[in-house]
1. With respect to the numbered conditions (1) open to solvent by less than 30 Å² (accessible area, probe 1.4 Å); (2) modelled with pLDDT under 90, which one is the sole condition not fulfilled by R224?
2. Which residue is surrounded by the most Cβ atoms within 10 Å (Cβ to Cβ), if the candidates are limited to segment 38-49 and must be touching a residue at least 24 places away in the same chain (Cβ under 8 Å) and under 21 Å from the mean Cα position of the chain (by Cα)?
3. Which of the residues that make up segment 86-106 are more than 14 Å from Y66 (Cβ to Cβ), open to solvent by less than 50 Å² (accessible area, probe 1.4 Å) and at pLDDT 80 or above?
4. Looking at segment 159-191 only, could you name the residues that are over 23 Å from W261 (Cα atoms) and surrounded by fewer than 14 Cβ atoms within 10 Å (Cβ to Cβ)?
5. In contact with a helix residue (DSSP H, G or I) (Cβ under 7 Å, 6 or more places away or on another chain) and farther than 22 Å from S262 by Cα - does that describe any residue in segment 347-354?
6. Do any helices (runs of 4 or more DSSP H) entirely within segment 213-299 hold 3 or more residues that are more than 16 Å from the ligand (Cβ to nearest atom), and if so, which?
7. Quick one: which helices (runs of 4 or more DSSP H) lie wholly within segment 107-182 and hold at least 2 residues that are modelled with pLDDT under 95, closer than 21 Å to R23 by Cα and of a type outside the set (V, I, T)?
8. Considering segment 115-147 alone, what residues qualify as being without any contact (Cβ under 8 Å) to a residue 12 or more places away in the chain and either open to solvent by less than 20 Å² (accessible area, probe 1.4 Å) or charged (D, E, K, R) (or both)?
Amino acid sequence: MPLTVDPLTLGQRLVAVLEDGRRTATYKLAVLMALLDLAVESVPEDPDAAVDIDLDELTTRVIELYWRQLRPLDGHRLRQSNDGRGVIFDALARLAEDAAAGRRPPGLRAVAASHPDEYLATHLRVKRTLVRYPLKLVQNLTSGGSEERFLYDDSWMGTDSVKRIAEHGNKLTLYPGVCHTIARLAPLLKPAFQLAWVDDVRRMNKDFLSDGPDLAQHLFGADRISLQRAGDVLAEAFDPSCFYCNAAVRRSRHVDHVLPWSRVGIDGLANLVLACRGCNSSKSDRLPAPAHVTRALDRGRGTLDELAAQINWPSQYDRVVAAGHGLYLTQPINTPVWEGRSAVRALTRADISWFHDHLPL
Ligand SMILES: [Zn+2]
């Protein structure tokens, strides 16, 4: 692996995974999407550094992706493989059934709290399966499997031995330069992976899925209903007006993801604020001025954690700091950022230092 990673080559190789017409399940896509998010949150100061990705964390991200996709669509649970079976999805479906007793599956955090043993057993099972198959296969671009590895060393994978995983530090190590490069490419790659996933699910469920437009929203959109619960707590604890322009928001209250949902998918309370309709739609998927993010975090980690715990909701303070750091550090200086309705300004170096100073250890 050369020390300097060519973004174009790496991007082409990742896109080649999407073009592999032999996909029989969505697991490779899940692994890649989880890696994208973790790369953004793990961007090193030195762009050429190798970066460790904790396999438990990666597993949690994959579980989170599938968890929301367990919700039935038109009364059907969606298949995630050609035959509708698979170790990971089956294990998660069982966990959801145990926890929900026939009702709508509760949030993952609530399940981990109410069924800790089942949750941990499922988590371990998913991790072992990821190491055995998709993590081993994702860099296999040719059927011969002789392709050069371009993300991480997978020579020890293909096993589900817990001992073997522990011997390798329970982690994978992204090659020098790869983390930084993936994080830079993430805004381009993430929508492409999501589109491929939507196509796969449509194909795997074509017997009942007409081409309704809401499949992408169902698979990847923010859960608006649950978000309103977070909005209630925010309105009570903080100023109930628009976080960005201070307008009153009584009737048209929007719960806004400060770091855009489409970019980093962080639903935790630390990333949520109330916004008026105008600001919410003007901001949309654009990268906000860093001052908005720091102001949201300045509401206080302790306060946010406590409020989140009251409604069994994640807070994810550290994730917001890490993702903000990664997002801003990988943007060119002078990138336009959203400051307010019809107010855009240029990103500066100084904007990034706050995130650097507050990074979780
Ligand atoms: Zn506003």
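The values are calculated or read from the model by the stated rules, or taken from the named source; none is laboratory data. Note that this is a predicted model, so its numbers are computed, not measured. When we count neighbours, we look across all protein chains shown, and the Cβ atoms used for this are built from the backbone with ideal geometry, even at glycine. The accessibility values were calculated without ligands, DNA or RNA, using every heavy atom of the protein model including side chains. Shrake-Rupley method; radii C 1.70, N 1.55, O 1.52, S 1.80 Å.
1. Of everything listed in (1) open to solvent by less than 30 Å² (accessible area, probe 1.4 Å); (2) modelled with pLDDT under 90, R224 misses just condition (1).
2. Going through segment 38-49, the residues touching a residue at least 24 places away in the same chain (Cβ under 8 Å) turn out to be 39-45, 47-49.
Then keep just the ones that are under 21 Å from the mean Cα position of the chain (by Cα); that gives 39-44.
Values: A39: 25, V40: 28, E41: 26, S42: 23, V43: 25, P44: 17.
For segment 38-49, the residue satisfying everything is V40.
3. A99
4. Step one: of segment 159-191, the residues over 23 Å from W261 (Cα atoms) are 159-178.
Result: S161, V162, K163, A166, E167, G169.
5. Scanning segment 347-354 turns up at least one residue that is in contact with a helix residue (DSSP H, G or I) (Cβ under 7 Å, 6 or more places away or on another chain) and farther than 22 Å from S262 by Cα.
6. On the way: elements: 215-220, 224-237, 261-264, 277-283, 290-297.
Helices (runs of 4 or more DSSP H) meeting the threshold: 215-220, 224-237, 261-264, 290-297.
7. Working: elements: 108-114, 116-132, 134-137, 162-167.
Filter on segment 107-182 gives 134-137.
8. Within segment 115-147, D117, E147 meet the criteria.
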